[in-house]
Amino acid sequence: MSCALDAGQSIAFSVGGTPYLDAGNMGVAPAWTTRALSASEAAWVSACVLARLNLTSTVVHISARGANAGYDTTITELADYAIEEGAFWGNVFTDVGAIAGFSCNGIDQAADDSYGDLPARACAQWDGVAGSNRSACGLTYVGLCTTACTTASPYANCASGGGARADAVVTSFLSGTAP
């Protein structure tokens, strides 16, 4: 819910009789509480969810950036989160198509992933298995973001295979600055 709803929204639900309250944050699809997601909203929520995947289960705060008002950043955030990890896009909703996730390696992670929080984040990079086109988290890995996408960071118009391109792309940045 934190990807879809804005900071002033929350949704209450229960699972197996246990109540939960999930708060919003990014606000890329705030109308989801009253209607189904549009294809565009589903793509933006999917990109946000995929950008938050973390193989190591270590809590790592990210700056999620993209061409959607929910990803607006402040000057302080831009300065504090200056390590480019990679970009993510795809679909996590079965009612709007096949589930698919894509990632590409950002310039800082591709150059040297041994500093800052980069060692704790592996989902944007290739899994290292010969002949594989997967990221360490099982997403389809499409290479370097500078090659896979036609815009500069934050990336957009990224290759999704079969000639398809995606504009609902979230570029993740980590705390710190590159050496």
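The values are calculated or read from the model by the stated rules, or taken from the named source; none is laboratory data. In this text, all values refer to a predicted model and were calculated from it rather than measured experimentally. Every residue, glycine among them, receives a Cβ derived from its backbone with ideal geometry; neighbour counts consider all protein chains shown.
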Discussion item. Could you tell me how many of the residues in the range 102-116 are surrounded by fewer than 19 Cβ atoms within 10 Å (Cβ to Cβ) and either among the β-branched types (Val, Ile, Thr) or under 21 Å from Val49 (Cβ atoms) (or both)?
Written reply: 1
Item to complete: State whether the residues of the range 122-132 include one that is acidic (Asp, Glu) and touching a strand residue (DSSP E or B) at 6+ places or on another chain (Cβ under 9 Å).
Response: yes
Discussion item. Give all pairs with beta carbons closer than 9 Å in which a residue from the range 12-27 that is modelled with pLDDT under 95 meets a residue that is of a type in the set (D, E, K, R); count only pairs at least 6 apart in sequence or on separate chains.
Written reply: Ala12/Asp22; Phe13/Asp22; Gly24/Asp6; Asn25/Asp6; Met26/Asp6; Gly27/Asp6
Worksheet, complete the sentence: Going through the range 60-93 in order, the residues found to be in a loop (DSSP other than H, G, I, E, B) and either closer than 14 Å to Cys123 by Cα or touching a residue at least 24 places away in the same chain (Cβ under 8 Å) (or both) are Val60, His61, Gly66, Ala67, Asn68, Ala82, Val92, Phe93
Worksheet item: Do you know which residues across the range 135-144 are surrounded by fewer than 19 Cβ atoms within 10 Å (Cβ to Cβ), under 10 Å from Cys104 (Cα atoms) and not β-branched (Val, Ile, Thr)?
Response: Gly143, Leu144
Item to complete: Give the residues of the range 140-179 that are among the polar types (S, T, N, Q) and under 12 Å from the mean Cα position of the chain (by Cα), sorted by residue number.
Response: Thr171, Ser172
Practice prompt. Considering only residues that are in a loop (DSSP other than H, G, I, E, B) and hydrophobic (A, V, I, L, M, F, W, C), look in the range 150-179 and name the one that is farthest from Ala110 (Cα to Cα).
Written response: Ala164
Worksheet item: Counting just the residues of the range 66-77 that are of a type in the set (A, V, I, L, M) and at pLDDT below 95, which one comes out surrounded by the fewest Cβ atoms within 10 Å (Cβ to Cβ)?
Response: Ala69
Worksheet, complete the sentence: Subset of the range 26-55, residues of a type in the set (Lys, Arg) and either more than 16 Å from Asp6 (Cβ to Cβ) or surrounded by 19 or more Cβ atoms within 10 Å (Cβ to Cβ) (or both), comes to Arg52
Item to complete: Please work out which one of (1) buried (at least 16 other Cβ atoms within 10 Å of the Cβ); (2) in a loop (DSSP other than H, G, I, E, B); (3) at pLDDT 95 or above is the condition Ala122 fails and give its number.
Response: (3)
Worksheet item: Does Thr147 satisfy the condition of being in the same structural domain as Ala64 (by TED's automatic domain parsing), surrounded by fewer than 20 Cβ atoms within 10 Å (Cβ to Cβ), of a type outside the set (Asp, Glu) and assigned to a loop (DSSP other than H, G, I, E, B)?
Response: no
Worksheet item: Yes or no: Asp108 closer than 30 Å to Ser38 by Cα, among the acidic types (Asp, Glu) and not in a loop (DSSP other than H, G, I, E, B)?
Response: no
Worksheet item: So, in the range 78-101, of the ones that are surrounded by 14 or more Cβ atoms within 10 Å (Cβ to Cβ) and among the acidic types (Asp, Glu), which residue ends up farthest from Thr147 (Cα to Cα)?
Response: Asp80
Worksheet item: Does any residue of the range 6-20 turn out to be at negative phi, assigned to a loop (DSSP other than H, G, I, E, B) and crowded, with 22+ Cβ neighbours inside 10 Å?
Response: no
